[in-house]
Amino acid sequence: MIDRLKALGKAPLQVASCLIFDNDGKLLLLRRHSDDLGGGMWAVPGGKQEPGEDPSTTAVREVLEESGLALELIDFLGVHEIRMPHGVVHMKTFMTRVPSGSLITLDPDEHSEHRWFTIDELLAEPKIIWALPTTLRDFNIITNLRTDFTLNDGSEAILLERFTSS
């Protein structure tokens, strides 16, 4: 965890993630190890963008490393600046669908379990990573979110860019 905290310097950390839904509309979340940053929290697959790496490449690479899913087509949704007590990230968010029952193979060094959540289950789960409900609302996946409980520690999520198709 200390290495991840060191990575959050003064400049925003560049991160890419992917919202992965199955054919039943459930979202894949991975539980972070308890000794990691955000330990014990449920999060979508994603991670640090390497210098010069395209964000979509980062998202596909991180999904493969963390879940074993080899994605082919992902759609860009947009970018949030997430300000947390321990640092700031610029989160580029992508989305895709995979067949229900897709085999998940976790990286045991990063995550302890996975689960497919309905939106209602996600909103009822107290251990959701910072700003995930806001991200889902800003991309019109959740339509009835009034308050994002994951931001109760003073964190903020600011939509910087939303992709709109013409």
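Laid out as a table, the results:
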{"item": "Positions within the stretch 97-106 being under 27 Å from THR164 (Cα atoms) and either crowded, with 18+ Cβ neighbours inside 10 Å or out of contact with any Phe, Trp or Tyr (no Cβ under 8 Å at 6 or more places or on another chain) (or both), in sequence order", "result": "VAL98, PRO99"}
{"item": "Filter pass, VAL63 being within 22 Å of ASP24 (Cβ to Cβ), in contact (Cβ under 8 Å) with a residue 24 or more places away in the chain and crowded, with 17+ Cβ neighbours inside 10 Å", "result": "yes"}
{"item": "Test: residue in the stretch 72-89 that is farther than 22 Å from ALA157 by Cα and surrounded by 13 or more Cβ atoms within 10 Å (Cβ to Cβ)", "result": "yes"}
{"item": "Any hit, the stretch 65-83, residues being of a type outside the set (Lys, Arg), on the phi > 0 side of the Ramachandran plot and under 15 Å from the mean Cα position of the chain (by Cα)", "result": "yes"}
{"item": "Residue match in the stretch 113-122 (condition: under 25 Å from ASN152 (Cα atoms), modelled with pLDDT under 95, of a type outside the set (S, T, N, Q) and buried (at least 18 other Cβ atoms within 10 Å of the Cβ))", "result": "no"}
{"item": "Set LEU28, LEU73: member being at pLDDT 95 or above and within 26 Å of ARG137 (Cβ to Cβ)", "result": "LEU28"}
{"item": "Residues (in a helix (DSSP H, G or I) and within 22 Å of VAL79 (Cβ to Cβ)) located in the stretch 120-134", "result": "LEU122, LEU132, PRO133, THR134"}
{"item": "Residue satisfying condition, being free of Cβ contacts under 8 Å to residues at least 40 places away in the same chain and either under 20 Å from ALA59 (Cβ atoms) or crowded, with 16+ Cβ neighbours inside 10 Å (or both), within set THR134, THR143, THR150, THR93", "result": "THR150"}
{"item": "Selection from the stretch 54-105 of residues that are under 20 Å from LEU13 (Cβ atoms), out of contact with any helix residue (DSSP H, G or I) (no Cβ under 8 Å at 6 or more places or on another chain) and polar (S, T, N, Q)", "result": "SER56, THR57, THR58"}
{"item": "Flag if LEU159 is over 23 Å from GLY39 (Cα atoms) and free of Cβ contacts under 8 Å to residues at least 40 places away in the same chain", "result": "no"}
{"item": "Any hit, the stretch 142-165, residues being touching a His at 6+ places or on another chain (Cβ under 6 Å), modelled with pLDDT of 95 or more and either in a loop (DSSP other than H, G, I, E, B) or not hydrophobic (A, V, I, L, M, F, W, C) (or both)", "result": "no"}
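Each row is one residue, and each column tells you yes or no for (1) basic (Lys, Arg); (2) touching a strand residue (DSSP E or B) at 6+ places or on another chain (Cβ under 9 Å); (3) assigned to a loop (DSSP other than H, G, I, E, B).
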position: ILE20; (1), (2), (3): no, yes, no
position: GLY39; (1), (2), (3): no, yes, yes
position: ALA59; (1), (2), (3): no, yes, no
position: GLU66; (1), (2), (3): no, yes, no
position: HIS80; (1), (2), (3): no, yes, no
position: HIS90; (1), (2), (3): no, yes, no
position: MET95; (1), (2), (3): no, yes, no
position: LEU103; (1), (2), (3): no, no, yes
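The values are calculated or read from the model by the stated rules, or taken from the named source; none is laboratory data. All values reported here derive from a predicted model rather than from experimental measurement. Virtual Cβ from ideal backbone geometry, glycine too; neighbours counted across all protein chains shown.
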